[in-house]
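The values are calculated or read from the model by the stated rules, or taken from the named source; none is laboratory data. Since the structure is predicted, the reported quantities are computational estimates derived from the model, not experimental observations. Here the Cβ positions follow ideal geometry from the backbone for every residue, glycine too, while neighbour counts run over all protein chains shown. When the accessible area is computed, the model is the full protein with side chains, heavy atoms only, and any ligands, DNA or RNA have been set aside. Shrake-Rupley method; radii C 1.70, N 1.55, O 1.52, S 1.80 Å.
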Amino acid sequence: ALYRRLPFGDLAEITMLDTRQYRSDQPCGDGVKPHCAASQDPGATITGRHQETWLMNGLTRSRASWNILGQQTLMAQLSLGPDPERFFPMDQWDGYPAARRRLLTFLDHRRISNPVFLSGDTHASWVNELKTDFDDEDGPAVGVEFGGPSITSEAAPSFVSRVEAALRDNAHIRFFNGDLHGYVRCEVRGKELQADFRVVPTVREPDARTYTLASFTIRNGSGTPHRTA
């Protein structure tokens, strides 16, 4: 089993998930598609039932101020295209909306302390508010997601332009960049978590200088990311 917990006293508990090995097959033929019956199946799972139970039990027992969840794919909804026929990436949590809703509703109802998701896969940088209902722009956030960019691998230009065109329809996406490469550095303190998106202007020069593209902080108990740089 690759999923595991890394406790750091009462400051933080890092839970590493495996959203590849135990999931239901990608619905609707994979790719970026409108939702179909398979993606709406309440029994579909991206973690597998055993890991989902393990995750929720561990979060219930956690006494850490910050509960950080590292996992492979984008958690937030990414709606591409206008109504009535919207498109969603079926390889992400968007392909398993019932499982996502269960987890986010659990975080909300159990008042899990400061849930922060660290995600990968898209080769782009993201800051997302996580909601039980992503289509409710005024609904409260129950967690925050930082999506890390790739070190060198390109995000497909067609994907980047498609996301940029759709940002107006995804109000919970607070920040997106698909052009620059690097990593996310997170510093966890008692009263706040700070995430710095560290990038280089080009991957074609070995001595390219790293700089901070953007910084966000989450205050303890706020559940909302604030841009500070």
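Among the residues of segment 57-69, is there at least one that is over 19 Å from F146 (Cβ atoms) and of a type in the set (F, W, Y)?
no
Please work out if S39 is of a type in the set (S, T, N, Q), in contact with a Cys (Cβ under 9 Å, 6 or more places away or on another chain) and either open to solvent by less than 40 Å² (accessible area, probe 1.4 Å) or under 24 Å from P140 (Cβ atoms) (or both).
Spelling it out, S39 is indeed of a type in the set (S, T, N, Q), in contact with a Cys (Cβ under 9 Å, 6 or more places away or on another chain) and either open to solvent by less than 40 Å² (accessible area, probe 1.4 Å) or under 24 Å from P140 (Cβ atoms) (or both).
Quick one: count up the residues across segment 15-36 that are surrounded by fewer than 19 Cβ atoms within 10 Å (Cβ to Cβ) and closer than 28 Å to G221 by Cβ.
1
Residue-wise test of (1) under 27 Å from F159 (Cα atoms); (2) part of a loop (DSSP other than H, G, I, E, B).
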residue: D10; (1), (2): no, yes
residue: E13; (1), (2): no, no
residue: T19; (1), (2): yes, yes
residue: A38; (1), (2): yes, yes
residue: A44; (1), (2): yes, yes
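Kindly indicate whether any position in segment 142-158 is touching a residue at least 60 places away in the same chain (Cβ under 8 Å) and among the polar types (S, T, N, Q).
For segment 142-158, residues touching a residue at least 60 places away in the same chain (Cβ under 8 Å) and among the polar types (S, T, N, Q): absent.
Spot the failing condition for G95; the list is (1) free of Cβ contacts under 8 Å to residues at least 60 places away in the same chain; (2) touching a helix residue (DSSP H, G or I) at 6+ places or on another chain (Cβ under 6 Å); (3) of a type outside the set (D, E), and only one is missed.
Result: G95 fails condition (1) only.
For segment 41-95, give me each residue that is within 19 Å of F106 (Cβ to Cβ) and aromatic (F, W, Y).
Scanning segment 41-95 gives W54, W66, W93.
Yes/no per residue for (1) under 25 Å from E164 (Cβ atoms); (2) among the basic types (K, R):
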position: G95; (1), (2): yes, no
position: R101; (1), (2): no, yes
position: L104; (1), (2): no, no
position: D108; (1), (2): no, no
position: R111; (1), (2): no, yes
position: F117; (1), (2): yes, no
position: T122; (1), (2): yes, no
position: D135; (1), (2): yes, no
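Could you please find all residues in segment 185-223 being surrounded by 14 or more Cβ atoms within 10 Å (Cβ to Cβ), under 18 Å from the mean Cα position of the chain (by Cα) and not in a strand (DSSP E or B)?
G223
Taking segment 46-63 only, how many residues are surrounded by 11 or more Cβ atoms within 10 Å (Cβ to Cβ) and assigned to a helix (DSSP H, G or I)?
10
Look through L193, L180, L213 and report the one residue that is hydrophobic (A, V, I, L, M, F, W, C) and under 15 Å from W66 (Cβ atoms).
L193
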